[in-house]
Amino acid sequence: AKAAGKGQFHFYQSHLSDRLILRVNKEQALRQAIERDEFVLHYQPRVDTLSGKLSSMEALVRWMHPEHGLLPPLEFIQVAEDTGLITKLGEMVIEKACAQIGQWQAQGLPVVPVSINVSALQLNNGSVERMLADCMARHGIDASLIGIELTESSMFSDAGMVSGELDAVRSLGVKLLVDDFGTGYSSLSQLQQLDVDVLKVDRAFTHRLCEGSEGKALFKAIVSMADALDLRIVAEGVETAEQLDALQSLGCDEVQGYLVSHAVPAADMPGLMQKRFLF
Ligand code: C2E
Ligand code: CA
Ligand code: CA
Ligand code: CA
């Protein structure tokens with residue numbers, strides 16, 4: 001009996017430490033990946049619904065894992081946030097995006113603005129504006145070619161530091177995009193106060209568009225609100241021609257989603273810069 005008790009104790013102990021080890025391992029692996037520079041950016045086109053032209057693109061990070069292949073952000077962003085490594089990773093993303101724009105410019109390509117995802121934690125650190133200014137200067141990039149995407153919750157968290165940092169970013173001339181719009185609780189006046197440029201409507205709303213009159217009415221309300229505030233509006237997650245059709249008739253400015261293009265490696269972007277989409 002004594003031996004069994006001892007075994008049980010051992011079981012719990014090793015179970016706990018397994019979880020701890022797993023977490024420490026993940027953090028360690030991510031830290032190492034950052035040191036080894038194992039991250040790449042893919043780019044997803046955003047297209048103007050009237051002209052069918054590329055209007056912008058979103059930089060989306062991927063981890064080129066030496067054993068597991070290309071990993072999506074779902075596999076590592078949360079760990080990066082939980083461990084504070086997001087700050088370093090976020091800086092790498094800004095650096096890579098600016099370097100890429102600089103390279104496209106040097107090749108004489110018709111570059112469109114690139115928007116970069118920034119997490120709340122990164123913003124709280126107050127280093128985003130300095131990082132952006134530094135990277136744009138080093139790579140000779142105009143601020144009009146950069147936007148930052150923030151979710152509603154990170155943009156309007158009541159920490160004064162965030163809005164101070166956002167003002168600083170804004171005064172560089174960098175555009176401000178609200179990501180996953182509709183999933184948070186921002187008000188009209190907040191959007192106006194922060195001088196937001198673009199609303200990216202969460203794909204949940206796009207998917208509800210063709211599932212009855214309610215979905216259409218809801219999207220219509222978002223479009224008229226954006227009109228009143230003079231914001232550009234982008235529908236995320238557009239996957240079907242039917243959705244595109246509905247969005248065009250509602251007067252949604254831009255679309256992004258698998259119907260137009262998945263996120264692609266940087267090497268594929270030049271071919272898409274001149275392309276006419278949607279027709
Ligand atoms: P997000 O900012 O909402 O980015 C859009 C995500 O939706 C991307 O997933 C994209 O591949 C996916 N998507 C695009 N079109 C469609 C579509 O038509 N249907 C569906 N179902 N999905 C579509 P991805 O690349 O896996 O990124 C996931 C999330 O990871 C992003 O969501 C963003 O929140 C985060 N993320 C990506 N890159 C970065 C980064 O550099 N920094 C930070 N902090 N977060 C990032
Ligand atoms: Ca985004
Ligand atoms: Ca989004
Ligand atoms: Ca998101």
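Brief remarks on what is shown
- Of all residues in region 154-173 being in a loop (DSSP other than H, G, I, E, B) and under 18 Å from residue 117 (Cβ atoms), the one that is modelled with the lowest pLDDT: 157
- Qualifying residue in region 117-124 (condition: open to solvent by less than 20 Å² (accessible area, probe 1.4 Å) and not in a helix (DSSP H, G or I)): yes
- Neighbours by Cβ (under 7 Å, 6+ apart or cross-chain): first from region 165-192, under 15 Å from residue 222 (Cβ atoms); second assigned to a loop (DSSP other than H, G, I, E, B) and modelled with pLDDT of 90 or more: 177/197; 178/196; 180/202; 181/202; 182/202; 183/202
- Region 160-186 - residue that is away from ligand 2 (no atom under 16 Å from the Cβ) and among the charged types (D, E, K, R) and, of those, least open to solvent (accessible area, probe 1.4 Å): 165
- Residue 73 vs. criteria open to solvent by 30 Å² or more (accessible area, probe 1.4 Å) and more than 16 Å from ligand 2 (Cβ to nearest atom): no
- Checking each residue of region 155-168 against the condition of being more than 27 Å from residue 78 (Cα to Cα) and either more than 16 Å from ligand 3 (Cβ to nearest atom) or in contact with a helix residue (DSSP H, G or I) (Cβ under 7 Å, 6 or more places away or on another chain) (or both) gives no match.
- Top-ranked residue in region 90-115 [being among the β-branched types (Val, Ile, Thr) and assigned to a loop (DSSP other than H, G, I, E, B); ranked as farthest from ligand 4 (Cβ to nearest atom)]: 111
- Answer residue from region 131-172, given it is farther than 13 Å from residue 98 by Cβ and touching a Ser or Thr at 6+ places or on another chain (Cβ under 6 Å) and is farthest from ligand 4 (Cβ to nearest atom) among those: 156
- Filter result for residue 33 (surrounded by 14 or more Cβ atoms within 10 Å (Cβ to Cβ), over 19 Å from residue 262 (Cα atoms) and either at pLDDT below 95 or in contact with a strand residue (DSSP E or B) (Cβ under 8 Å, 6 or more places away or on another chain) (or both)): yes
- Failed item, numbered, when residue 203 is tested on (1) at pLDDT 95 or above; (2) more than 15 Å from ligand 3 (Cβ to nearest atom): (2)
- From the list 197, 202, the lone residue that is within 16 Å of ligand 4 (Cβ to nearest atom) and closer than 30 Å to residue 164 by Cα is 202.
The values are calculated or read from the model by the stated rules, or taken from the named source; none is laboratory data. Bear in mind that the values here come from a model prediction, so they are computed numbers and not experimental data. Heads up, the Cβs are rebuilt from the backbone with ideal geometry, glycines too, and the neighbour counts pull from every protein chain shown. The accessibility values were calculated without ligands, DNA or RNA, using every heavy atom of the protein model including side chains. Shrake-Rupley method; radii C 1.70, N 1.55, O 1.52, S 1.80 Å.
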